[in-house]
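What follows is a set of notes on a single structure, which appears directly below.
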Amino acid sequence: MIFNLVDLFIIDWLIFCWITPEFVVIPSTEGMKGYKNYKFHLRGAIIGTKFFAIVSLFLAGIVTTI
């Protein structure tokens, strides 16, 4: 959960969407709207959080039965 929040706010929104350094831009795609799409990154973070919650519950079930 903490990793997903750090990834969303610092890596995705701050660095990728707001600052957009040259090394993250694919050649010939400079200036495309997709680089500033905050909703896309939010959706990915929500999906990732759900996935890790399910995996965590599964692993917790295994650990408690051992």
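Only one entry of L57, L8 meets the criterion of being among the aliphatic types (A, V, I, L, M), modelled with pLDDT of 95 or more and surrounded by fewer than 13 Cβ atoms within 10 Å (Cβ to Cβ), and that entry is L57.
Sub-6 Å Cβ pairs linking a first residue in segment 31-56 that is of a type in the set (S, T, N, Q) to a second residue that is surrounded by 11 or more Cβ atoms within 10 Å (Cβ to Cβ) and assigned to a helix (DSSP H, G or I), at least 6 apart or interchain, are T49/N4, ordered by first then second residue. A count restricted to segment 25-46 and to residues that are surrounded by 11 or more Cβ atoms within 10 Å (Cβ to Cβ) and of a type outside the set (F, W, Y) stands at 10. For segment 26-45, the tally of residues that are of a type outside the set (K, R) and within 15 Å of I11 (Cα to Cα) stands at 8. Criterion applied to T20, T49 was being surrounded by 13 or more Cβ atoms within 10 Å (Cβ to Cβ), of a type in the set (S, T, Y) and under 11 Å from the mean Cα position of the chain (by Cα), and the one residue passing it is T49. Among the residues making up segment 19-62, those that are farther than 16 Å from D7 by Cβ, assigned to a loop (DSSP other than H, G, I, E, B), touching a helix residue (DSSP H, G or I) at 6+ places or on another chain (Cβ under 8 Å) and not hydroxyl-bearing (S, T, Y) are P21, V25.
The values are calculated or read from the model by the stated rules, or taken from the named source; none is laboratory data. In this text, all values refer to a predicted model and were calculated from it rather than measured experimentally. A quick note on method: Cβ atoms are made from the backbone with ideal geometry, for glycine too, and the neighbour counts reach across all protein chains shown.
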